[in-house]
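Here's the structure we're looking at; comments come further down.
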Amino acid sequence: MSRRMVLILAVTCAVAVGNIYFPQAVSPLVAAGLGVSPDSAALVVTATQVGYTAGIFLLVPLGDRLPHRTFLVTLLALTGVGLLAAGFAPTLTTLVAASALVGVTTVAAQIIAPLAAGLVAADRRGAVIGTLLSGSIGGMLLARTFSGTLGEWLGWRAPYLVAAVLVLLLATVLAFAVPVTTPPARRPYPALLAESLRLLRTEPDLRRSCLYQATIFAGFSAVWTCLALLLTSPAYGLGAQAVGILALVGAATMLCTPLAGRLVDHRGPDPVNLVCTLGVLVSAAVLTVGARGGALGLTALILGTLLLDVAMQCGMVANQARVFTLRPDAHSRLNTAYMTCAYLGGSAGSWLGVHAYSQSGWRGVCALVALLAALPLARHLVALHGRRPRLAGDSVSADADTLVRDA
């Protein structure tokens, strides 16, 4: 697969993932434009996210049964239709329904990752996955800023209509750029859905990757869910927009994930997972200082969230690379199981984070992050101990030293 093809797919990932996040920035504008309460307008964001989770489980397994080019073009076309319907929605009910359609169909990034894994050699797989994830991160970070600025200038409908044009343009490009592939599976659709659950039961490394990412993503979600509560508290007295500005710091992860992918190609996913897990533990300690407020606290929040973002995203590269080595004929079904577990972990982390904040404040959230990171670390140590008779001289420090030396 050429660099040009990788770039096209990375841009597609960015636009597809951005469709999930840009409604967050225009929700207040929707409330004002349609004359509804802010709480009611927030249903647009909820519908998009719920639709996305459903799309991962219901549609991504079809990537193993349908030709990738046809499937991707169809999904993008349906997403474009949903965005157009949202942009012209006369009522909130219509907008919520259109947003649900957008969420269900904007799963192109989860189709592209298995496609790319099957088109590149094993020694390039990590690097390519890291590049695609950089595109997804860019879409996630820039979508809020782009839609908020455009919405303030031209109204809340403009971001939907511009996104629709981008998605339909990409559908046209992919119709000619994506190579023809032969579906690896011909199983009936119900069997494909059941297969994702069966793989979780039969593949230990899939369960391990799911545990690692679900716990780390839970900590990530807990922090970002509660960050607005902290920044708007008397300790800082900032507005909610400060969270969006702080989120732009995470753009550094776009540079780190390709590096993580190359390290996975050379050293395997385990050393990368180890350093990422340790990075989350360190970030929890740094973020704790944020409870003090003032310049010192804000500096700690910037550094801590940056380290947390880098650790979470680089860990995702390692885990996804491990998953894609298990069954070449079931990449989409493996990715379905993996991403569903990851997003379930993220949802649980948001809920736990809010409860931790209400009970113990920001320090309680940081303690939760540390506890969640300790779970994959303990699992890694158990796996390392089990391999010790076969791999003499292996140790946690050796993994970490090797990775740092390579970086």
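Only the coordinates and a few stated rules stand behind these numbers; no lab work does. All values derive from a computational prediction rather than experimental measurement. So basically every Cβ, Gly included, is an ideal-geometry build from the backbone, and we count neighbours across all protein chains shown.
Between residue 371 and residue 121, what is the spin-label point distance in nm, taking each point 7 Å from the Cα along the Cα→C-beta axis?
Roughly 4.7 nm, to one decimal.
For the chain, state what percent of all Cα-Cα pairs lands in each successive 20 Å bin, counting from 0 Å until the bin that includes the largest distance.
27, 59, 14, 0
On the first, second and third principal axes, largest extent first, how far apart are the outermost C-alpha atoms of the range 75-167 in Å?
Largest to smallest, the principal-axis extents are 51, 24, 18 Å.
Take the Cα of residue 173, step 7 Å along the line toward its Cβ, and report every residue of the range 1-31 whose backbone nitrogen sits under 18 Å from that point.
Once the point is set 7 Å along Cα→Cβ of residue 173, 1-20 turn out to lie under 18 Å by backbone N, inside the range 1-31.
How far is it, in nm, from the label point at residue 77 to the one at residue 5 when both lie 7 Å from their Cα along the line to the Cβ?
Simple spin-label model gives 2.2 nm for this pair.
Would you please calculate the Kirkwood hydrodynamic radius of the range 32-74 over all C-alpha pairs and express it in Å, rounded to one decimal?
Over the range 32-74, the inverse of the mean reciprocal pair distance is 12.6 Å.
Listing 57, 220 from the residue with the fewest other Cβ atoms within 10 Å to the one with the most, what is the order?
57, 220
Along the Cα→Cβ direction, 7 angstrom out, place labels at residue 358 and residue 285. What is the inter-label distance in nm?
So the two model labels end up 3.2 nm from each other.
If the range 1-183 were replaced by its equivalent ellipsoid, with semi-axes equal to the square roots of 5 times the Cα gyration tensor eigenvalues, what would those be, largest first, whole Å? The partial results should precede the final answer.
Numbers: eigenvalues 181, 50, 36 Å².
Here the semi-axes work out to 30, 16, 13 Å.
Compute log10 of I(q)/I(0) for the range 144-279 with the Debye formula, placing one identical point scatterer on every Cα and leaving out solvent, at q = 0.14, 0.16, 0.18 Å⁻¹, to two decimals.
Evaluating at q = 0.14, 0.16, 0.18 Å⁻¹ gives log10 I(q)/I(0) of -1.20, -1.26, -1.22.
List 22, 146 from most exposed to least, where exposure is judged by having the fewest other Cβ atoms within 10 Å.
Fewest-to-most ranking of 22, 146: 146, 22.
Run the lone-cysteine check on the chain: no other Cys C-beta under 4.7 Å from the residue's C-beta.
Isolated Cys, the chain: 13, 226, 256, 276, 314, 366.
R0 = 45 Å: FRET efficiency of residue 50 with residue 329, Cβ-based, nearest 0.05? Mind dumping the intermediate values first?
Numbers: r = 30 Å, r/R0 = 0.67.
Computed FRET efficiency for residue 50 and residue 329 comes out at 0.90.
Please order 189, 160, 343 by the number of other Cβ within 10 Å, starting at the fewest.
Taking fewest neighbouring Cβ atoms as first place, the list is 189, 343, 160.
Using packing as a proxy for protection, rank 306-313, 335-342, 164-171 so that the peptide with the highest average count of other Cβ atoms within 10 Å comes first.
335-342, 306-313, 164-171
Per 5 Å bin from zero, what fraction in whole % of the C-alpha pairs of the range 217-331 is there, up to the bin with the longest pair?
Going from the shortest bin to the longest, the percentages are 2, 12, 20, 21, 16, 11, 8, 6, 3, 1, 0.
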